Structure formats: structure tokens, C-alpha cells
Amino acid sequence: MTEIQQRYITLLKHVLTDYHRMELGEYKLVERSNATWKTKLLLLIDSILSTKGFAVCRRILPNKENRLNGLDWPSNADTMIGVKRMDNIEYCVKTVVAENIEGDLIETGVWRGGATIFMKALLSALGDTKRNVWVADSFAGLPKPNKEKYKADEFDEHYKVTELAIALETVKYNFQKYDLLDERVKFLKGWFKDTLPSAPIKSLSVLRLDGDMYESTMDGLRNLYPKLTSGGFIIIDDYEAVNGCKQAVLDYRAEQSITETITVIDRSAVYWRKK
């Protein structure tokens, strides 16, 4: 990658995360208008404690450190994952392209599409015109917990957060505004349990799971990890942020006797490389 191409990638990374506004103080956070009373109470406590250097939930006052680690929720950004997780995507995509690791790229759970937009930009900058980028989401928020089947999701309330429901048309528009929407961007609309088993994906080189819940994470693992090529990367966004997500990963690794070392990206996400 040339210096000019790298500058483009770095700039795009900062724009997608809204990191470039931090110096100017031009930022605000997504408001959780329909949160439960428990969540609203946590947000109030957090806003008070954050002024004293503490925080108790994801809505942390915006500053460079929190934006790097994806700990706040910027309203103007096209992704909430922060700069370090974007750095990880850059590393994974550059590696599979440089080493000719076969397979497409996918993210399950895309919000406004920022991470997949960045994947497509990386492929374009690297001159890779063969791989697809799969954008998998319900585009309607998260499902209600199936408490009988997935005990770990019993108290999960992500389905109540309407701010997580971003329409397919909005995500497509976000690709278009960066001039990155073409036939190599493939959309999978619906609940993962319905779309992933029949998804026409032959192989994957980068698999990024951002489904928050046990069920959503397990659906991604069971249906997509077998398609991950040897030498490919799996990234788990919510491993240290949501107990159900972490438990799904641990259960699947035990079930499939997966022993590859889990590497920490930041305070939330991890990844490993498939043998």
C-alpha cells in the first residue's frame, strides 16, 4: 500500500469512528430514549461518576481514550467500535490479502455499517476485486431473548434499544456516501438463525461477530466458523462486554475443541487466527 493509500485508510478510519472531531469538541452521544428504568438509572449514575473519572456502563463521556477503545457511543459516527477495533480490522484484512488467504469478509451485526464500509475500503485500496463483503443484520434491532433455549440471554434487553435498529436503506446510503457500494457488497437481511444457515457464502477469510447476545453469537459461530479458511481471522466484538457473548464463544470452542490463543484487542473485543 502506498503512502497516499495509507493516508486515505487512516482518514477514513477516523471519520467512520468520528475520532477526527475529538480535538474540536464537536461530539454528542446517542441518546437511549426508550431505555428501561434500570438502564436510565445506570445512565444517570454513569453521567455523574464519569465527571469524577469513573463509569459503570457503555455510555461514557466522550474523550480520545474512550473513542480509541469504543467505550462511548458517538451519534455522528458510522460505527461505535472505536479506533483500536478498526485497527484490528485493518491488520486482519491486510494480512489475508498479502498472504492470499482465500475467502470473503463478513460482519454479523453492523449497526450503521461502518466496519463493513471499512472492510470494503481496504479491499479497494489494496486492489482486491475478487472478495465480497457480506453485511449481515436484521436491520430491525436485536431479537427478543429465547429464554427457554438460551438461558444466558434470559435478562438480555438489547431488543428494547430502538437506536440499534438501523434500516437497510440507511446502511446502503452510508456505503454510497463513501463511494463504496457495488456488486461486491452483499446484504443478508433477517435474524441470523434464518439467514446464516442458507447464506451463499463459499469461504471466509475474515469473520467478525457483533451480535451481542448468546444466541446471535452462537448462530454466527455454528454457521460461519466452519467456512473460515485456515489462516483466516475471527473477531468477537462483545467478548468482554456481554457475558452471553463470551459464554457462547467459550461453549463453541469447547464443543469444537478449538485451542487457538485468544488475543485481546481492547477492553471489549478479541480475535484469533484459525489454524
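The values are calculated or read from the model by the stated rules, or taken from the named source; none is laboratory data. Just so you know, these numbers come straight off a predicted model, no measurement behind them. Using ideal geometry, Cβ is built from the backbone for each residue, glycine included, and neighbour counts are taken over all protein chains shown.
Quick one: which residue in Phe192, Phe175 is touching a helix residue (DSSP H, G or I) at 6+ places or on another chain (Cβ under 9 Å), assigned by TED's automatic domain parsing to the domain that holds Phe118, modelled with pLDDT of 95 or more and under 14 Å from Arg112 (Cα atoms)? From the options Phe192, Phe175, the qualifying one is Phe175.
Per the conditions (1) of a type in the set (A, V, I, L, M); (2) in contact with a Leu (Cβ under 6 Å, 6 or more places away or on another chain); (3) modelled with pLDDT under 95, the sole criterion not satisfied by Ala241 is (2). Within the set Thr263, Thr229, the sole residue that is at pLDDT 95 or above and in contact with an Asp or Glu (Cβ under 6 Å, 6 or more places away or on another chain) turns out to be Thr229. Does Lys160 satisfy being of a type in the set (D, E, K, R), in the same structural domain as Met119 (by TED's automatic domain parsing), modelled with pLDDT of 95 or more and over 17 Å from the mean Cα position of the chain (by Cα)? It is false that Lys160 is of a type in the set (D, E, K, R), in the same structural domain as Met119 (by TED's automatic domain parsing), modelled with pLDDT of 95 or more and over 17 Å from the mean Cα position of the chain (by Cα).
Kindly evaluate Phe175 against the criterion of being within 15 Å of the chain's Cα centre (by Cα) and touching a residue at least 40 places away in the same chain (Cβ under 8 Å). So Phe175 fails the test.
Only one entry in Tyr214, Tyr225, Tyr271, Tyr252 is over 17 Å from Ala115 (Cα atoms), in contact with a Cys (Cβ under 9 Å, 6 or more places away or on another chain) and surrounded by 16 or more Cβ atoms within 10 Å (Cβ to Cβ), namely Tyr214.
How many residues are crowded, with 19+ Cβ neighbours inside 10 Å, aliphatic (A, V, I, L, M) and assigned to a helix (DSSP H, G or I) if we restrict to segment 10-23?
Final tally of qualifying residues: 2.
Listed by first and then second residue, the pairs with beta-carbon distance under 7 Å, at least 6 apart or on different chains, first residue in segment 196-215 and on the phi < 0 side of the Ramachandran plot, second aromatic (Phe, Trp, Tyr) and in a loop (DSSP other than H, G, I, E, B), are Tyr214/Tyr150; Glu215/Tyr150. Within segment 226-242, one or more residues are closer than 12 Å to Leu207 by Cα, β-branched (Val, Ile, Thr) and over 19 Å from the mean Cα position of the chain (by Cα).
Table: residues versus (1) without any contact (Cβ under 8 Å) to a residue 12 or more places away in the chain; (2) assigned to a loop (DSSP other than H, G, I, E, B); (3) not assigned by TED's automatic domain parsing to the domain that holds Trp191.
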{"site": "Asn76", "(1), (2), (3)": "no, yes, yes"}
{"site": "Tyr91", "(1), (2), (3)": "yes, no, no"}
{"site": "Val96", "(1), (2), (3)": "no, no, no"}
{"site": "Glu102", "(1), (2), (3)": "no, yes, no"}
{"site": "Ala115", "(1), (2), (3)": "no, no, no"}
{"site": "Lys120", "(1), (2), (3)": "no, no, no"}
